[in-house]
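These notes concern the structure reproduced below.
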Amino acid sequence: MRPGEGRERDQEQERVHGVALSLVGGALLLCAVVSGWLIADRPKAADHPGGSASGVGRYSCAYVRHGDLMLASNSTTSSDLVALNSTGPDVAEVQCLLRRHHLSPGDVDGYFGKRTEAQVKTLQQEDHVSPDGIVGEQTWSLLRHVE
């Protein structure tokens, strides 16, 4: 072995270890970011009798006319705010009533995702209401109105 050759080998190993640690650290950081994104995009927990703890699941649409209002048998609210990432029976009611208006919010699952939000905005635009994608009193009235 020549003088300094062992030291060069040690330095090369240190560089390889540094690169390997950088790659592992980057991979861990990427995993942390993706995990955080997935967790943030999950529906928030809400009470839902007879269903999952998050309020997300399968709901049915059993339409009942009550005077000049339409109910879909999940909720009777006309004022609770429902918006992106909301969960539970109020959301399922919105989804059913959107279907009744010939809009397609996706599955009636009790999760107010981007697709449900887009269909709420469509309904609001069609009825000349500010299209904010949030279901409040005015949008509930649009959804529940029976012609």
(message) I need the full set of residues from segment 81-95 which are open to solvent by less than 30 Å² (accessible area, probe 1.4 Å) and either at positive phi or β-branched (Val, Ile, Thr) (or both), in order please.
(response) Val82, Thr87, Gly88, Val91, Val94
(request) Please find, within segment 119-135, the residue that is most open to solvent (accessible area, probe 1.4 Å) out of those that are of a type in the set (Asp, Glu) and over 20 Å from Asp90 (Cα atoms). (result) Glu126
(message) Quick test for you: out of Arg99, Arg58, pick the one residue that is open to solvent by 50 Å² or more (accessible area, probe 1.4 Å), farther than 15 Å from Trp140 by Cβ and at pLDDT 95 or above.
(response) Arg99
(request) For segment 96-104, state whether one or more residues are on the phi > 0 side of the Ramachandran plot, in contact (Cβ under 8 Å) with a residue 40 or more places away in the chain and assigned to a loop (DSSP other than H, G, I, E, B). (result) no
(message) If Gly110 meets every condition in (1) touching a His at 6+ places or on another chain (Cβ under 7 Å); (2) open to solvent by 40 Å² or more (accessible area, probe 1.4 Å); (3) among the small types (Gly, Ala, Ser) apart from one, which number is that one?
(response) (2)
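The values are calculated or read from the model by the stated rules, or taken from the named source; none is laboratory data. Keep in mind it's a predicted model, so treat the numbers as computed, not measured. Note: ideal-geometry Cβ built from the backbone for every residue, glycine included; neighbour counts use all protein chains shown. Accessible surface areas use protein heavy atoms only, side chains included; no ligands, DNA or RNA. Shrake-Rupley method; radii C 1.70, N 1.55, O 1.52, S 1.80 Å.
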